[in-house]
Amino acid sequence: MIAFERSLRSLGIEFIDLHCIHRVGPVATVGAMSALVAKGKVCFLRISEMGPPTIRRHHATHPMPAVPIEYPPPWPREVVTGALDTCRELGIDARNPLQDGAISGA
C-alpha cells in the first residue's frame, strides 16, 4: 500500500478508476486491492489471466465487474472455456475492451 500511495502522489492524483492485477502474489492480493477501494483510492478492481478457481475466489473477496480473457493464437479455445463459463455464471464481463478496439477505436 505504501508503494501505491507513493504512486498516487507521484502522479498528482488522489485515486485511480481501475486497478488491475495480473498475477497474485504475497503483496499483490485482491484483499489488499479491496482495501484500496474501501479507502476511496480505487474505484474498480479487475483481475486477468486467471482460471476458474482463482476467478471464483477473488470474486468472492471483492466483486469483479470484468475479467478480460484472451484467445492467444497458439492456444486452442478450450484452454479458456472454463474461465469463460465461470465468468458467465458469476455475471462477470469477460471481454477485453482494449483488444476489441472498443476504447482505442481500432
The simple spin-label model distance between residue 8 and residue 84, using points 7 Å out along Cα→Cβ, in nm, is 3.8 nm
Subtracting the Cα-Cα distance from 0.36 nm times the residue separation, let me have the gained length for residue 35 to residue 18 in nm, one decimal.
4.7 nm
Out of residues 5 or more away from residue 93 or on other chains, whose amide H comes under 5 Å of its own, with H placed 1.01 Å from N in the peptide plane?
66, 67
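Just so you know, all these numbers are worked out from the coordinates, no wet-lab data involved. All values reported here derive from a predicted model rather than from experimental measurement. Here the Cβ is made from the backbone with ideal geometry for all residues, glycine too, and neighbour counts use every protein chain on show.
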